[in-house]
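The values are calculated or read from the model by the stated rules, or taken from the named source; none is laboratory data. Only a predicted model underlies this, so the values are computations on that prediction, with no experimental measurement involved. Note that each Cβ is placed from the backbone with ideal geometry, even for glycine, and that neighbours are counted across all protein chains shown. Side chains are part of the model used for accessible areas, which takes the heavy atoms of the whole protein and leaves out ligands, DNA and RNA. Shrake-Rupley method; radii C 1.70, N 1.55, O 1.52, S 1.80 Å.
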Amino acid sequence: MNSLLIPGGKAPAPPYETTRETTRKSLDEPMKTNGEQSTVLTLSQVGKSFGNLRVLKGIELQVQRSEVVCLIGPSGSGKSTLLRSMAFLEEYDEGEIRIEGQLLGWQDTDKGRRRAPQSQINQVRRNVGMVFQQFNLWPHMTALGNVCEALRRVRKFSADEAKKRGMAMLEKVGLGHKAEAYPAQLSGGQQQRVAIARALAMEPHIMLFDEPTSALDPELVGEVLQVMKTLAKEGMTMVVVTHEMGFAAQVADSVIFLDQGEIVARGTPRQIFHNAEQPRLQQFLQNYLDRNAFWQDAKP
Amino acid sequence: MTFDASIFTDHLGDIGSGFLVTLGTWSSGVVLGLALGMLIAVAQVFGNNLVRAPLRVFIELIRSTPFLVQLFLVYYGGPSFGISLDPIPAGILGLGVYGGVYFAEIFRTGFQSVARGQLEAADCLGITRLQCVWRIQVPQMLVMILPALVNMVTVLCKETAVLSIITIPELTMVLTGIGSETFAFVETLLMLCIGYLILVELCSRLGMLLETRVGRFMSRQPR
Amino acid sequence: MFDWPLLQQNAPLLLGALWVTLQVSMAALVFGFVIGIVVGSLRLSPVPLLRRMGGAYIFVFRGIPLLVQLLFIYYFLPRVGLPNVSPTAAAIIGLSLAAGAYIAEIMRGGFLAIPGGQLEAAGLLGLSDAQMLMRIRVPQAVRLTLPALVNEMILLIKASSLVSVVGLADLTRTAQNLAASDYMFVQDYLMLAGFYCLINVPLAYAASLLERRLKERTA
């Protein structure tokens, strides 16, 4: 990714390298044999409206174990809403979202659909980890406190166990030395890494990232993406809403392009970034390049 | 105007007990008010409209009427509802209800001040609503609302003077009583003023101390 | 539980007393406002001594219970050679002095909210300090603090329930007298509370409306 998006990098001849398929295959295997089901997340005909505005229409999506799916699209395309629906932070109102086979958020009764009780929602999404654009760390707890909180209260770990796991997670994101720091004392990139550690500590089967680097200063983006790359290499199943096309190109197994609440295009990074056929996707990529490939217009 | 200190030395016991009654009613009223306020705020934030609407009316009524009138209703009106209270319990109840309503408003704004995203993050991790209130919302909002809370506590301190009207033998009643006994009105009232100033000042000093304590995580400097 | 004929008989008496309460509160708001501007300006004065004086005023009149302040005035004024101050005047003096302390804090906030550049501009144009205060600072501060001032009015109306200690027959004292003669405590005091609500609920509504409008404008 360095080559394309960091100013001063070489202008790449093939703009996106797609290295992921070759590096990951071997790591996938052991995880797939663990669970009998290889599909972690299934969306069928998912729709959502805010009043009269239909922000999601007929979304069909399957995410396999260890797959990394990137959602791209212009702002307002519904990609964040889609991702938030996967954790039932938004109540989707049509179709089904299933996590490892279990229906998320709703209950079918003879009177139609009802919101499932909170305990059941928590049961279904206990294997879903979420990372937010604004980090959403709890400012009154240290980094370690943030990571340990749910372990203690939800998983009922003892203080020692939680601390041990929490430290391991912070080490994993390279922040073991900041365990006692409060969020206000950390940079944006560090805060986001703590947020990732917080989600990882619960050992999720799938991680959802909602524009994890959009709120960061440009020089802090790299450290967060690096952590996410490592996760992908280790075989974590991930769905990522992102504006970082370089990351999508390098790390994703499949890229999905959303526009006006619909999936307009999907495919491997190569298919999406090199052989875009749909006019809307072409337009989107062109806009992106115009904004980011400033060196093409540099004065001699 | 000569100042006769013997007035105070002669009545030291009475003054002492009056001071204790003031402290006692004040602190009990604060504790009751805080508990009631938290209850009302939680009901308002998490309850449905069936809970919220009557609470809203109750809050509006209490805030629109003088404390003295509420005190009259509790103390003189109580027996008609089968609640005959001695002056001191009636006074504490009155202080608690009056304070509770204001505390509730403070807590409610506190709850709203914690960013939604933090609650979503907790929600995603399976943390329950109740755990969320106690572990995430309350500790954070305390920092934000502490000045308002301390202010309300000092307001209640001053309101204890009104308790003298329903014959609670607290500081104001004791000292004005001594005044009318000895005709040393100005001396006793001066003493009374100084007493309240000290109490209120102590309270806000303590509050400031507490503020620097609990707000430490907001600072960017490592400890 | 309610005795309607008695209620109808008592209501006009309370209505008359409500007028007393309103008059005293309004007068206190006006005088308190003047004191508030003076003390609020003192608090922001460049002269440390004046700042101290402003601070001391607020400390004393906010720190002492109003009831005690009123008692003090009641017993103190005759001692300093003003034996014939009417109860109304004593009540207004007491309420105004206390209101002044609260309004001073409100006005200080209002003054601070005015961008400093405006005052610099006025100073460059040659306006005197007094002109600046009356023409630029006060009008703007009032606009910014109007919701708070309306809330202060509510506080004053409630606080005025204590003026009976200086011998004024206000709303609360009148209800007390009624209750003492007819022993209908619940009925009389509920009616009393109702009269306060009659004034204060609309005022509270007005304050929140003003606040919302102010927020919209400044947002």
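For this structure, a couple of remarks:
- Within chain A, the proportion of Cα pairs with more than 26 Å between them is 48 percent.
- The stretch C:19-217 - percent relative contact order, Cα under 8 Å, separation 6 or more: 28 percent
- Assigned charges on the beta-carbon of Lys, Arg, Asp, Glu; the stretch C:19-217 dipole about Cα centre (debye): 540 debye
- Here chain A is scanned for GluC sites (Glu not before Pro) in DSSP loops (not H, G, I, E, B) that have at most 12 other Cβ atoms within 10 Å, and the longest stretch holding none of them is A:92-179.
- Enclosing the Cα atoms of the stretch B:6-219 in their convex hull gives a volume equal to 139 cubic angstrom per residue.
- Size descriptors for the stretch C:23-133 (Cα atoms only): Rg and Dmax, in that order, 16.6, 51 Å.
- Isotropic mean projected area of the C-alpha convex hull, chain C (nm²): 15.2 nm²
- Amide H contacts of A:Gln62 (H built 1.01 Å from N, in plane; Pro and chain starts excluded): A:Leu43 sit under 5 Å, all sequence-distant by 5 or more or on other chains.
- Per residue solvent-accessible surface (Å²) - the stretch B:6-219, probe of 1.4 Å: 43 Å²
- GNM top mover of A:Ile256, A:Ile121, A:Ile72 - chain A, alpha-carbon springs below 10 Å: A:Ile121
- Per-residue ³J(HN,Hα) for the stretch B:10-15, Karplus 6.51 cos²θ - 1.76 cosθ + 1.60, θ = phi - 60°, Hz, x for Gly and Pro: 5, 10, 4, x, 4, 4
- Here the relative contact order of chain A, from alpha carbon pairs under 8 Å that lie six or more residues apart, stands at 25 percent.
- Cut-off under 5 Å, modelled amide H: who pairs with A:Leu258 long-range: A:Ile72, A:Gly73, A:Val264
- Probe 1.4 Å - accessible area at A:His140, Å² to nearest ten: 30 Å²
- Listed residue pairs exceeding 31 Å between alpha carbons, taken from A:Lys164/A:Lys233; A:Lys79/A:Lys172; A:Lys229/A:Lys299; C:Lys158/C:Lys215; A:Lys163/A:Lys229; A:Lys79/A:Lys229: A:Lys229/A:Lys299
- Among A:Met207, A:Met141, A:Met228, residue whose mean-square fluctuation peaks in a GNM of chain A (springs only between Cα atoms under 10 Å): A:Met141
- Among B:Gly18, B:Gly126, B:Gly78: highest mean-square fluctuation, GNM of chain B, C-alpha pairs under 10 Å: B:Gly126
- Computed E for A:Glu180/B:Arg116 - FRET, C-beta separation, R0 22 angstrom, nearest 0.05: 0.20
- Antiparallel bridge percentage (DSSP; both residues within the protein assembly as shown; nearest 5): 60 percent
- For the stretch A:233-243, 3J(HN,Hα) per residue [Karplus equation, 6.51 cos²θ - 1.76 cosθ + 1.60, θ = phi - 60°, Hz, x = Gly/Pro]: 4, 6, x, 5, 7, 9, 10, 10, 8, 8, 9
- For q = 0.19, 0.21 Å⁻¹, Debye-computed log10 I/I(0) when each Cα of the stretch C:89-219 counts as one equal scatterer: -1.09, -1.19
- Chymotrypsin sites (Phe, Trp or Tyr not before Pro) restricted to DSSP loop in the stretch C:161-219 with at most 13 other C-beta within 10 Å: C:Tyr183
- Put simply, the amide H of A:Val128, placed in the peptide plane, has neighbours under 5 Å in A:His205, leaving out anything fewer than 5 places away on its chain.
- Principal axis dimensions, the protein assembly as shown - Cα atoms, whole angstrom, descending: 100, 71, 51
- Phi angles of the stretch B:130-135 translate, via the Karplus equation with coefficients 6.51, -1.76, 1.60 and θ = phi - 60°, into HN-Hα couplings of 5, 4, 4, 4, 7, 8 Hz per residue; Gly and Pro are given as x.
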